[in-house]
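Below is one structure; the comments refer to it alone.
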Amino acid sequence: MTSSTFSIPNELKLVSVAEMQRIEQRADAAGHSYATMMELAGAATARTVSDYAPHAACVLVLVGPGNNGGDGLVCARYLHQAGLPVRVYLWKRRTDPDHDYEQHFAKLVALGVPAAHADDDPDLQQARAWLTEADVVVDALLGTGSNRPISGQLAALLAQMRTAKTDRPG
């Protein structure tokens, strides 16, 4: 597994971390729970994917450990319910019942959505295969809590994503 480090260019950022945190705090203060915000974010992302690629043969949702990962799990559920083939690839996401916020992962398991965990894929062979087969990839790996350079297994996973995109025909 090759490891590299990179960061997101400022021109690709829509809001700063502080701005996003203020937006979330104001929404919470206005009575929108974090669970509700997660449900709305996941549903909106799924609608966008469905509108963008209504006939996708495969959608891959990359899911990380925080609230953004929870948004991704909700998105995967909505995509599945809309009839799109979806898979979930988990990175550093705890899925045991005590840590499965709102039981989002358990709901996907109950629906039969295929899932794989990076902990069980040390050479990223499963990730590579699923990335190659995916028509759409939803990145729900990191959110506003991420504040250091990307390295290690996550950098390798993102490198696989770039390679799969570059290697796709058309």
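The values are calculated or read from the model by the stated rules, or taken from the named source; none is laboratory data. Since we're looking at a predicted model, the values are computed, not measured. All Cβ positions, even for glycine, are placed from backbone atoms using ideal geometry, and neighbour counts span all protein chains on display. Surface areas here come from the heavy atoms of the whole protein model, side chains and all, with no ligands, DNA or RNA. Shrake-Rupley method; radii C 1.70, N 1.55, O 1.52, S 1.80 Å.
Please determine whether any residue of the stretch 99-106 is surrounded by 14 or more Cβ atoms within 10 Å (Cβ to Cβ) and of a type in the set (S, T, N, Q). Checked the stretch 99-106: no residue is surrounded by 14 or more Cβ atoms within 10 Å (Cβ to Cβ) and of a type in the set (S, T, N, Q). Every listed requirement among (1) of a type in the set (D, E, K, R); (2) outside any helix (DSSP H, G or I); (3) modelled with pLDDT under 90 is met by residue 87 save one, (3). Taken over the stretch 96-133, the criterion of being of a type in the set (Gly, Ala, Ser) and more than 17 Å from residue 64 (Cβ to Cβ) is satisfied by 106, 110, 112, 129. The residue of the stretch 113-151 that is surrounded by the most Cβ atoms within 10 Å (Cβ to Cβ), among those that are free of Cβ contacts under 8 Å to residues at least 24 places away in the same chain and over 15 Å from residue 63 (Cβ atoms), is 129. Kindly indicate the residue of the stretch 27-58 that is surrounded by 14 or more Cβ atoms within 10 Å (Cβ to Cβ) and of a type in the set (Ser, Thr, Tyr) and also nearest to residue 84 (Cα to Cα) among those meeting that condition. Going through the qualifying residues, I end up with 50. For residue 59, the conditions (1) under 15 Å from residue 135 (Cβ atoms); (2) over 12 Å from the mean Cα position of the chain (by Cα) are fulfilled apart from (2). Residue pairs whose Cβ atoms lie under 6 Å apart, separated by 6 or more positions or on different chains, with the first residue in the stretch 152-165 and within 15 Å of residue 61 (Cα to Cα) and at pLDDT below 85 and the second open to solvent by 10 Å² or more (accessible area, probe 1.4 Å) and of a type in the set (A, V, I, L, M, F, W, C), do not occur. Of all residues in the stretch 100-150 being in contact with a Phe, Trp or Tyr (Cβ under 9 Å, 6 or more places away or on another chain) and assigned to a loop (DSSP other than H, G, I, E, B), which is modelled with the lowest pLDDT? Among them, the one singled out is 149.
For the residues 86, 74, 61, the requirement of being in contact with a Pro (Cβ under 9 Å, 6 or more places away or on another chain) and open to solvent by less than 20 Å² (accessible area, probe 1.4 Å) singles out 86.
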